[in-house]
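Input: a single structure, listed below in structure tokens.
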Ligand SMILES: *Cc1c(COP(=O)(O)O)cnc(C)c1O
């Protein structure tokens, strides 16, 4: 592994900021429980580093998407309560149980498979019930809930831990979907005996106390994404993404920059070429739109972002700040995650989960307390 000094691009991950984001949300919703969603390698930031920090910050219940992610998390957190959103693919029930993972049961079929599995083991194991109130992806439809609860024998053979649903428009407090889904969830969950109920992910947490139920399950907000788009971000930034300056040139005559010659220079311009590209997750869609920073000075991207290189305008930046070997913030204090996401026409979630394997990852530790 390269050292930080030799690295072309550096991703600094602030574990203390992640711990503070967890505690902020936990305090906000208490006495409801704050769980943590750590799917997709903790949103690209590294499950092995992030999961223990969340546990030390007080988190007891974790959600992942897949069996494989659950097994990986179990190696880091032997005692944690781990839940799997996508549930057990038929035939993998035993593996779920072997690793002490709680699957979401997302359909009547999945419930049946789980019950047959329990029958072979002659025991009842905890499982979650996911109710679809408007996403139409996974989960029981309201009519499935009616069918389930009318089958007393089937219900008697279930040990339901979490009953949950997922909001489609939580990032838009004005959407009527939020209230509709809340009402539908209320109606369904009142029919189901479960230990805990929850509907809010990160954005849902900010819709009001009635969305908190017994637990919230935030992901993006832990990692610094703004759960309240359009309003100031209440969360701390957790990443800084820096790339090294490789070369600087002055263009005095008209000339074009980059693939497709999409950017034409018609006046004297200083161009710095930095060692980052779409292979690192610096998405090509942000070509000609993203803004980098050198110290507190803005340096806009010129022309297309390529696989390994990006060109930026450093015309107005002092000479001593633009020496080859110097570092440029492509995501940093002045150009946070969500700004870059907007420039690439996407959301912070996609930026985080596509941060490339070539980045040198550097962790700032969480304070022990
Ligand atoms: C990913 C996911 C979450 C977390 O969502 P955030 O918006 O990142 O807080 C919660 N619940 C389900 C079902 C999910 O798939």
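Put the Cα centre of region 128-161 next to the Cα centre of region 305-331 and the gap is 54 Å.
For region 77-121, the square roots of the Cα gyration tensor eigenvalues, ordered a ≥ b ≥ c, give a/c of at least 1.5 with a/b no greater than b/c, which places it in the oblate category.
Here region 1-79 and region 166-225 have alpha carbon centers that stand 21 Å from each other.
Applying 0.36 nm per residue to the separation of residue 247 and residue 89 and subtracting their alpha-carbon distance, the gain on full extension is 51.8 nm. On the beta carbon distance between residue 175 and residue 289, with R0 = 25 Å, the FRET formula returns roughly 0.35. Estimated from the Cβ-Cβ distance and a Förster radius of 25 angstrom, the FRET efficiency linking residue 210 and residue 27 is about 0.85. From helices alone, the chain scores -8000 deg cm²/dmol at 222 nm; the rule is -39500 (n - 2.57) for each run of n ≥ 4 DSSP H residues, then divide by the residue total. Debye-formula intensities of region 32-104, expressed as log10 I(q)/I(0) at q = 0.16, 0.21, 0.27 Å⁻¹, are -0.48, -0.81, -1.27 (one equal scatterer per alpha-carbon, no solvent). Computed packing ranks the peptides 123-129, 162-168 as 162-168, 123-129, most packed first, by mean other Cβ atoms within 10 Å. Looking at region 241-369 alone, DSSP beta bridges between its own residues are antiparallel in about 100 percent of cases.
Stokes-Einstein, applied to the Kirkwood radius of the chain over Cα pairs at a viscosity of 0.890 mPa s and 25 °C, places its translational diffusion at 109 µm² s⁻¹. Legend: calculated FRET efficiency, residue 123 to residue 307, from the Cβ-Cβ distance at R0 = 56 Å, rounded to 0.05, equals 0.60.
The alpha carbon convex hull volume per residue for region 227-362 rounds to 112 Å³.
Residue separation of residue 99 and residue 56 scaled by 0.36 nm, minus their Cα-Cα distance, works out to 13.3 nm of gained length. Taking 0.36 nm per residue of separation and subtracting the Cα-Cα distance, full extension of the segment from residue 78 to residue 369 would add 102.6 nm.
Compared with the dominant principal axis of the Cα atoms in the chain, helix 67-76 is inclined by about 80°. Look at the Cα gyration tensor of region 33-191: its axes a ≥ b ≥ c give a/c of at least 1.5 with a/b at or below b/c, and that counts as oblate. Computed from Cα positions, the angle between helix 176-189 and the longest principal axis of the chain comes to roughly 30 degrees. Rounded to two decimals, the Cα radius of gyration of region 139-211 over 2.2 N^0.38 Å is 1.19.
Packing-wise, with mean Cβ within 10 Å as the measure, how do 216-224, 150-158, 76-84, 236-244 rank, highest first?
Ranked from most to least packed, the peptides come out as 216-224, 236-244, 76-84, 150-158.
With the simple spin-label model, which puts each label point 7 Å out from Cα in the Cβ direction, the residue 16 to residue 146 separation comes to 5.6 nm.
The modelled label-to-label distance between residue 65 and residue 135, using points 7 Å beyond Cα along the C-beta direction, is 1.1 nm.
With contacts taken as Cα pairs under 8 Å and at least 6 residues apart, the chain reaches a relative contact order of 19 percent. Of the beta bridges in the chain, as assigned by DSSP with both residues counted there, near 55 percent are antiparallel.
Would you please classify the overall shape of region 283-369 from the alpha carbon gyration tensor, given that a ≥ b ≥ c denote the square roots of the eigenvalues, rounded means a/c under 1.5, and beyond that prolate means a/b larger than b/c while oblate covers the rest? Note, shape of region 283-369 comes out oblate.
Once the Cα atoms of helix 15-29 and of the chain are each reduced to a long axis, what angle between those two axes, in degrees from 0 to 90 to the nearest 10, is obtained? The helix 15-29 is inclined about 40 degrees to the chain.
The packing ranking of peptides 280-291, 245-256, highest mean first, is 280-291, 245-256, where packing means the average number of other beta carbon atoms within 10 angstrom of each residue.
Each value in this text was obtained by applying a stated rule to the coordinates, not by laboratory testing. On a predicted model such as this, the values are computed, not experimentally measured, just so you know. Cβ sites come from the backbone with ideal geometry, for glycine too, and all protein chains shown count toward neighbours.
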